[in-house]
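Just below is one structure, and these are the notes that go with it.
The values are calculated or read from the model by the stated rules, or taken from the named source; none is laboratory data. Please read all numbers here as calculations on a predicted model, not as lab measurements. We place every Cβ from the backbone using ideal geometry, glycine too, and count neighbours over all the protein chains shown. Heads up: the accessible areas ignore ligands, DNA and RNA and are worked out on the full protein's heavy atoms, side chains in. Shrake-Rupley method; radii C 1.70, N 1.55, O 1.52, S 1.80 Å.
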Amino acid sequence: MDIRFSAEEIAFRDELRAWLGEVLPTLGDPPDRDDWTARREWDMGWQRKLYDAGYAGINWPSEFGGRGSTPTEHLIFLEETTRMGAPYVGMNFVAQLHAGPTLILEATPEQQVRHLPAMLKGEEVWCQGFSEPNAGSDLASLSTRAIRDGDHYVVTGQKIWTSFGHVADYCELLVRTDQEAPKHRGITWLICPMDLPGIEVRPITTVAGSSEFCEVFFDEVRIPVENRVGDENDGWRVAMVTFSFERGTAFISELLGTMNQLAEMAELARSVPRNGSTAWDDDEIRREIGRLQAEYDALWALTKRVVSQAQRTGMPGPGGSVFKLYYAEVKKRMADLAHRMLERRSLVLAEGSGDEQTGGDMVASRLYVLSLSIAAGTSEIQRNIIGERILGLPKER
Amino acid sequence: MDFELSDDQVALCDGIWDLCQGRFDIDTVRGLAECGGVDRQLWGELADTGVFSLVVPEEDGGVGLGWAEAGLVFEQLGRALVPGPLVGTLLAAEVVDDSVVGLIERTDGPALVEYPDVLDALLVLDGDGVWRVDAAELSVEMAQSVDPLTPVGRVAKLPQGEQVSEGTYGWANRAVFLSSALQVGLAMGARELAVAYAQERQQFGKPIGQFQAVKHKCADMYSREEVARASLYYAGCVMDATMGPGLPAEPGDYLYFHGCTIERGDALGDHEHRELVRAVSGARILAAEAADHNGKDCVQVHGGMGFTWEINAHLYLKRAWALTPCFGSLDRHAERIAEMVGANPLG
Ligand SMILES: Cc1cc2nc3c(=O)[nH]c(=O)nc-3n(C[C@H](O)[C@H](O)[C@H](O)COP(=O)(O)OP(=O)(O)OC[C@H]3O[C@@H](n4cnc5c(N)ncnc54)[C@H](O)[C@@H]3O)c2cc1C
């Protein structure tokens with residue numbers, strides 16, 4: 001166990017810091033939450049800047065245009081960008097964090113040439129079309145049908161909860177290609193261009209009043225067979241590759257951002273009036289802030305363990321499920337604490353980043369955190385995974 | 001950075017666990033309650049293995065490892081429920097020659113001394129330094145301990161003793177760290193016991209571990225343990241980096257915590273001090289709570305059996321309770337960390 005960074009890692013970090021120090025002040029203000037055109041420009045523009053500076057695809061192999069950095073450098077990259085307040089990966093999430101890595105491992109050279117450079121340059125937004133109205137936790141029971149017709153699949157059915165579906169150019173789409181086979185063996189992973197005839201996207205309004213995800217309807221959509229990733233009916237295995245990335249390192253910036261928020265909360269506590277003094281003077285509140293910090297520090301340490309495992313084995317370890325399960329609960333407690341501190345002011349929902357007076361995004365955060373124990377596999381499903389795959393307890397069925 | 005155990009560290013854990021299973025099987029451990037918690041023969045074997053001289057430099061006859069390794073060893077001792085004044089004896093190794101040594105903070109009024117019947121000496125920490133009190137000087141009135149494996153006695157007033165060290169810097173943090181390591185091991189032992197029972201006990205025609213209410217409880221036990229373990233290992237690394245002995249300091253040997261670089265070998269500056277305190281207090285809270293919750297959950301998973309003296313579940317829980325109130329309450333540790341949140345360079 002050695003938490004020290006090597007000389008190369010430190011050189012990498014210093015260079016990155018210097019670049020961020022130059023580029024961040026030139027960015028201007030982030031766009032409004034509901035201005036999707038501006039948000040696309042912002043997220044893609046940032047990706048392009050990363051590309052031009054040689055930081056795009058930080059952990060992608062260099063033969064695919066990435067920087068070929070180690071998992072530790074990837075971690076440093078995420079730490080520094082978050083620490084210095086660089087834009088979040090945003091709508092590039094799917095392309096950068098799981099579709100791209102999946103294509104690197106599973107796609108044909110033609111597919112790789114077609115998509116990977118465009119993903120790196122910030123020219124393609126991707127979304128994930130896995131969940132369906134009747135196939136959520138039980139994803140393998142999905143029923144969006146694909147019938148082979150010459151060199152096309154004809155796809156009919158519905159996806160739901162598709163984040164960024166309304167702005168995406170491509171979709172990682174799971175379809176059923178064999179109705180008769182056992183449910184895990186009749187699934188195929190397709191690259192679906194979102195502008196094909198027969199696709200209809202309807203945004204869904206979230207509890208936070210935003211439209212981050214969509215329903216996507218497919219009516220006899222013709223997808224070329226050459227868009228298939230992996231073999232026909234081997235899509236479940238490919239989807240598991242996708243998941244290992246989604247649950248592996250995808251939460252690092254999220255955690256670091258949360259630590260920043262906790263520091264802001266500690267600041268806020270010192271100014272919020274409470275019982276004739278400030279919230280900071282309330283022992284209960286101060287202790288809860290300390291405990292939250294202890295738990296985030298521990299999760300950060302756990303992340304470093306997961307990353308170190310990835311460095312040795314090439315794949316993220318099972319620590320990802322533990323992280324996600326634990327993190328969701330701690331973050332909910334932090335949002336609740338913000339409300340306890342703000343008292344009546346917690347009625348006001350402010351947009352954008354922290355408004356000193358109302359604790360704005362802390363209020364919005366209390367809604368957002370509800371999704372943490374649902375998206376990318378619910379907490380109940382994570383507990384099943386830990387119980388069965390790690391602890392070896394008997395399966396339900 | 002490579003925050004996974006090295007091959008040597010894995011071998012160290014395995015070696016200690018094998019020793020525990022061979023010499024401190026659960027019947028032996030339970031039997032130690034009858035002799036004040038320590039059997040000199042077995043204790044001597046721990047000493048011969050190097051358990052108490054882990055962090056003593058090789059040139060002084062020790063094993064010459066770091067705090068990270070001491071944490072790993074203590075984790076295994078906790079997992080095996082090995083009783084005795086383990087923390088005090090390890091910390092004492094550099095200042096006294098006694099073989100069974102307790103450690104306590106000086107407070108006004110009466111003190112509760114652990115393992116009073118078997119001590120050679122008691123080290124007392126106060127604002128002026130560390131003091132050795134010969135066990136013969138203690139007049140002890142035995143009390144009934146919550147934990148059968150942690151006998152305690154009341155001492156009306158601790159003697160002043162003879163000074164063995166002027167500084168106390170690091171002592172409390174080290175004691176807290178080692179206790180936390182024992183507790184991570186307790187959390188692990190309790191989780192292992194619960195999972196084993198969930199696999200074998202049948203109700204409604206199936207193993208109870210197939211019921212989600214039980215399976216998910218076990219998953220939560222594992223998660224707590226893993227998160228506490230990560231924080232413990234991190235604290236061990238920070239201790240090695242900031243107060244040694246540990247990895248040799250070489251020029252250009254950098255440390256990186258929360259966005260700031262420090263150089264090893266420098267005197268412990270404000271920043272390092274904060275890092276150390278934050279890491280150790282964090283490990284303290286997470287380990288104590290993981291051990292407490294896992295102990296309780298282990299009782300629950302065992303049903304009626306869990307409420308019996310016969311089943312070992314209560315031993316993990318009681319040991320966890322005995323280890324928590326030392327060198328600061330959990331609330332105090334939480335407050336210490338809170339003081340450092342705003343100062344986090346990440347913010
Ligand atoms: C913000 C957000 C973004 C998302 N983005 C995407 C996306 O981009 N692409 C995509 O494909 N999907 C996305 N999802 C969908 C997400 O993966 C699913 O919501 C999730 O897998 C749960 O499925 P479900 O909603 O059908 O709930 P259900 O599976 O119906 O679950 C309902 C409840 O039952 C519980 N439950 C179900 N099965 C079990 C079981 N076996 N044991 C115990 N409890 C069980 C669940 O834990 C849950 O509490 C997103 C979801 C959210 C909230």
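Of note:
- Using a Förster distance of 51 Å, the FRET efficiency for A:E267-A:L105 (Cβ separation, nearest 0.05): 0.70
- Stretching B:E105 away from B:T49 to a fully extended chain increases their span by 17.3 nm, per 0.36 nm per residue minus the current alpha-carbon distance.
- Helix-only CD estimate at 222 nm, as mean residue ellipticity for chain B, using -39500 (n - 2.57) per DSSP H run (n ≥ 4): -16500 deg cm²/dmol
- Distance between the modelled labels on B:E141 and A:S277, one decimal in nanometres: 3.7 nm (7 Å Cα→Cβ projection).
- Each residue of segment A:112-123 was assigned a 3J(HN,Hα) from its phi angle through the Karplus curve 6.51 cos²θ - 1.76 cosθ + 1.60 (θ = phi - 60°); the sequence is 5, 5, 5, 10, 4, x, 5, 4, 5, 7, x, 10 Hz, with glycine and proline shown as x.
- Positive-end residue of A:V330, A:T188, B:Q203, charge dipole of the protein assembly as shown with Cβ unit charges: B:Q203
- Chain B: C-alpha gyration tensor shape, a/c 1.5 cut-off, then a/b vs b/c: oblate
- Disulfide-incompatible cysteines by the Cβ rule (no partner under 4.7 Å) in chain A: A:C127, A:C214
- Cα gyration tensor shape for the protein assembly as shown, rounded if a/c is under 1.5, else prolate or oblate: prolate
- The simple Förster model, with R0 at 41 Å and r as the Cβ-Cβ distance, assigns A:M240 and A:E123 a FRET efficiency of 0.90.
- Between A:D231 and A:D52, the simple label model (points 7 Å from Cα in the Cβ direction) yields a spacing of 4.6 nm.
- Cut-off 17 Å (backbone N to label point 7 Å along Cα→Cβ of B:D134), residues of segment B:81-97: B:96-97
- Rolling a 1.4 Å probe over the heavy atoms of the protein chains gives the protein assembly as shown an accessible area of 40 Å² per residue.
- Degrees separating the helix A:7-23 axis from the principal Cα axis of chain A, which is the longest one: 80
- Two-site FRET efficiency, A:T206 against B:F204, from Cβ-Cβ distance with R₀ of 51 Å, rounded to 0.05: 0.80
- Under 5 Å from the amide H of A:V125 lie the amide H atoms of A:D169, A:Y170, each residue being 5 or more positions distant or on a separate chain, with H modelled from the backbone and absent for Pro and chain starts.
- Under 29 Å of direct C-alpha separation, and excluding same-chain neighbours fewer than eight residues apart, A:K395 reaches these lysines: A:K159, A:K183, A:K324, B:K206, B:K215, B:K217, B:K296.
- Using alpha-carbon coordinates, inclination of helix A:235-246 to the longest axis of chain A, degrees: 20
- Close amide-amide hydrogen proximity is noted between A:S163 and A:Q128, A:C214, each under 5 Å apart and 5 or more residues distant or on a separate chain (H modeled in the peptide plane; Pro and chain starts excluded).
- Highest mean packing comes first when the peptides A:295-301, A:227-233 are listed by Cβ atoms within 10 Å, giving A:295-301, A:227-233.
- Approximate spin-label separation A:E22-A:R397, in nm, with each point projected 7 Å along Cα-to-Cβ: 5.7
- 5 angstrom amide H check on A:R222, placed H, neighbours 5+ away: A:V155
- Quarter of Cα convex hull surface for segment B:12-143, i.e. mean projection, nm²: 8.6
- Taking each residue as 0.36 nm, the span from B:D7 to B:I26 lengthens on full extension beyond its C-alpha to C-alpha distance by 4.0 nm.
- Averaging 1/r over every pair of different alpha carbons in chain A and inverting the result gives a Kirkwood radius of 22.5 Å.
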